[in-house]
Each structure stands twice: as structure tokens, then as C-alpha cells.
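Since the structure comes first, as C-alpha cells, the remarks are kept for the end.
The values are calculated or read from the model by the stated rules, or taken from the named source; none is laboratory data. What you see is a predicted model; the values in this text were computed from it and never measured. All Cβ positions, glycine included, derive from the backbone under ideal geometry; neighbour counts span all protein chains shown.
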Amino acid sequence: MYWHPAYLSAMQGMVEALAQFVLRSDLRKSVAGIRMNYNAIGTEHWLVPTKVRSADQWNLPAGVEPGTDWTFGTVDAYRRAVEGFYLDAFGYRGSDKPITTVYMRARQDASDDYANMLQGDNRIGVFHTSSEPEPFTLGQEEQYEFFRRFCAAGNRPCYAEPWSAAVNHKQRYNVPPMSAEQWHYWRHLGDLQLGASIVAEYAPDLRAEEPAEAFAKTRAFTSRYAGTLGRPDLAPGGWIAFRDGEYLRGDYEFLIQAENAGQAPGYTDWLPTSANLGEDEDARYGVWSRVIQAGDEIRLHINPTLLASLPEATGVEIRVVAKPADPAAVSTLPIKPPAGLSLATESDAADARDDTASSELGLLLRVTGPSTPILMHLDSTDEGWSELVQPVAALDPSGVDWTLKAENGAVQIHLFELRRASGE
């Protein structure tokens, strides 16, 4: 009977004792924050079965006054009370500096009062514990969007925790099958583009031996970008991971947007396990990507603050993860050139080949946006993913509109990244 005044009093005492414990602890500086749970016994569950909603169905200790019947209004009052306990106990009210960060749940059923409370104090953190490569229900999608609403600006701490470890993740019925490496990778990308500043992992992933190298690469990427979505002037770069999905549709964007990617065919490409990968191929890639047909392009918009903050000349590089598109797979797609774009002519392809020193470089992906367009070369005989990295000779700070164009063959593209060069 969590809504009973006696329980509420005990809950308040527990939260106050917790705050004082943290305040006096020698480990206080190592504490990232406190997750606000509504229930001291469980976590966030609040729905009471119909048969025990009446107060007369409950057995109370001797001397305790009878409680009231449970209603949905009871839940709202209880939640507001518990939120107040945490904010008062940890010094959010009447103090300039809280004892530690209190993380409040990203709730798809949040009231206006709850949203206004968060909006009014960006010292309050936001968390959710349902992180996956993509949401798999409408309710979960709403929870992700609430998280984005308060975290994408980058002015508050935001903590994302997954449903499970990647090594034993549950296969959702409406999500493509993924290896542990892919599930781990896309889950991190999803958290970053929502604005997470802390991305949590479970112990089985930290202890895992077989995918340890792939996991480490993903963690390094996350460590580089976490918490910088709302600070493009300080961000190490920007990226876009091309995808589609059942929920949270569209690409995962981090300071780079694709203005016409929805017009380019989406293509699902996954490997259920990493067993068939080549020795040099990164096991994380795949699952989602997009195909750019020969002569077509995807138009990108670079965040202007990010672009203006990037160093000159050799301090910037482009990274693209791509592979030749499978002709059989591409031929089954409803391919139409994006509006306003024309297919490349034979002379265009010849000009592109003339720009290179070799006629055996295979497919060409032209990046237009830097002061001098960049040609990236993809081995047309390689069936796996290639990671292409190339320095940018010069940047035009005002040139925020870029394009990726497949010059002489269909290219399947997974990720585009514009970043400060390694070590900067």
C-alpha cells in the first residue's frame, strides 16, 4: 500500500538518510548520481490489481490508521510527493549546489507539471533504462522522445541504460536480427543521438572475451562523443548513421543531417553472427544502411557551429563506412532518383576516373562540400564493409551543405563522419 501516509513517511526518511550518507561518504566524488525510484521496494511499477484497490483489502500493522482506496489520482499525488523528497533531500531546493545529481525517469506518461519541473532546473538529470538499438513499441518510442526532448540540448546530465547486456540480448520480433557486436554498436549510436552523456553497460559485456575488440571500438567512439551533442563548438566532430526502423524512423544524426535520405532507398543488410566476416572486417557494421545509386546523391547539412569550430587543413578528416551495393539486392528496390537530381552521364564517370591516378580503383564516392571535392575509392570486388578515412585539405566555414554522390556504381553507405583528426 505504497500510497499510505505511513509508507510515504518511511520513504521520505529513507531518501533523507540516503542523501546524508552520500554527503558524508569519502566516495562522494566518484558517484555519478542517484537514480530516483518511486518505489523503495521495486523500481517504477505503480499499477495495482483491481482486486486490491479497495483499502479494506489490506492488512495494516496495529495502530496504523486505515488508508484510502487506490485511484489513478493516487499515483499522481504519490509521484509528486516522492519527487519532492529527492529534490529537498539532495539540496535542489534552497541550495546552489546539490549533494549529487538526481536522475529522474524519462516518462512517456509525464504530466505538464513533471515536464515543467525538469525544464525549470537543468541540474536535474534524466535517465531511462530501456535502451536498445531502436525502440520496439510505441510507448518505448515516446519514452525515447522524452529523453531527447530534455537531453539533446546538452545542458543537463543524461544517463542511458540498456534492457540487457548485448551478449545475451533478446531478439525483438520487429527488429532485424543482430550479432552481439551489432546490437551493442547500434544501441550506443542510438543513445548518443538522443543526447546521452553517460552510456551504461552491464557486467557481462564488460567481461566478454570474444567480442571484446569490437566492444572496445564502440566504447571509444562513445567516449569521444558522449555529452557533446548540445555543444557543437566543443564536439570532436559530427556523424550520421544511415538507417530506417519500425519506430524512431529515420537516420541516427549527430550534428549532421541528411536532407533527402528518405528519398534514397533504405536497405537492410545484416549478418546474424560474425562467423562469416573476413579477417579485416569490423563485425559491428551492417543491419541498417542506405543505397546510393550511380549518379544519385544524398544531401547533407553540417551543423554550422561545428563546421566553424573545426581546425584548418590537416586537422580535419572524413570517415565513411561503405561497400559496393549488391546488384541483386538493389534491383529489388523501388529505386527512383531523388527529386531534382539526374543520373550521371558516361562523361561524368570518365571525368571521375580521370581525377585518379589509377583506373583500377573501383567505385568512386564524391564528397562535395570541402573547398576541394574529395573522391573516396571503394574496391568494387570487396563484398564487405570498408572504412575509408581521408584528410580534408581545406574547409569553407560557410559551406554547410554537402553531398555524397555515387559516381560510377551503386554504393551502400552505413556511416558518414566529419571529425577532428585523431589526436586533436
- Could you please find all residues in the stretch 199-211 being more than 23 Å from residue 122 (Cβ to Cβ) and surrounded by 15 or more Cβ atoms within 10 Å (Cβ to Cβ)? 201, 202, 205, 208, 211
- Query: Counting only residues that are touching a Gly at 6+ places or on another chain (Cβ under 6 Å), farther than 14 Å from residue 160 by Cα and modelled with pLDDT of 90 or more, how many does the stretch 90-129 have?
  - Reply: 4
- Any residue in the stretch 75-93 that's within 20 Å of residue 25 (Cα to Cα): show its pairings with residues that are outside any helix (DSSP H, G or I) and of a type in the set (Lys, Arg) at Cβ separation under 6 Å, as long as the two are six or more apart or on different chains. 87/93
- Query: Which one is surrounded by the fewest Cβ atoms within 10 Å (Cβ to Cβ) among residues in the stretch 288-305 that are touching a Pro at 6+ places or on another chain (Cβ under 9 Å) and more than 18 Å from residue 368 (Cβ to Cβ)?
  - Reply: 305
- Query: So, in the stretch 146-157, of the ones that are under 12 Å from residue 135 (Cβ atoms) and within 11 Å of the chain's Cα centre (by Cα), which residue ends up surrounded by the most Cβ atoms within 10 Å (Cβ to Cβ)?
  - Reply: 147
- How many residues does the stretch 240-251 contain that are surrounded by 23 or more Cβ atoms within 10 Å (Cβ to Cβ), in contact with a Lys or Arg (Cβ under 9 Å, 6 or more places away or on another chain) and either modelled with pLDDT of 95 or more or not charged (D, E, K, R) (or both)? 1
- Message: List the strands (runs of 3 or more DSSP E) inside the stretch 357-419, counting only whole elements, that have at least 2 residues being in contact with a helix residue (DSSP H, G or I) (Cβ under 8 Å, 6 or more places away or on another chain) and within 15 Å of residue 296 (Cβ to Cβ).
- Response: 363-368
- Note on the structure: If we ask which residues in the stretch 66-110 are closer than 23 Å to residue 15 by Cα, part of a loop (DSSP other than H, G, I, E, B) and of a type outside the set (Lys, Arg), their number turns out to be 13
- Do we have residue 144 as over 20 Å from residue 219 (Cβ atoms) and of a type outside the set (S, T, N, Q) here? yes
- Message: Being part of a helix (DSSP H, G or I), under 13 Å from residue 90 (Cα atoms) and within 33 Å of the chain's Cα centre (by Cα) is the filter here; which residues of the stretch 1-59 pass it?
- Response: 15, 18, 19, 22, 23, 28
- Task: Restrict the check to the stretch 167-177 and report whether at least one residue is within 30 Å of residue 91 (Cβ to Cβ), in contact with a helix residue (DSSP H, G or I) (Cβ under 9 Å, 6 or more places away or on another chain) and hydrophobic (A, V, I, L, M, F, W, C).
- Result: no
- Query: Of the residues 214, 160, 196, which is under 12 Å from the mean Cα position of the chain (by Cα), small (Gly, Ala, Ser), surrounded by 19 or more Cβ atoms within 10 Å (Cβ to Cβ) and outside any loop (DSSP other than H, G, I, E, B)?
  - Reply: 160
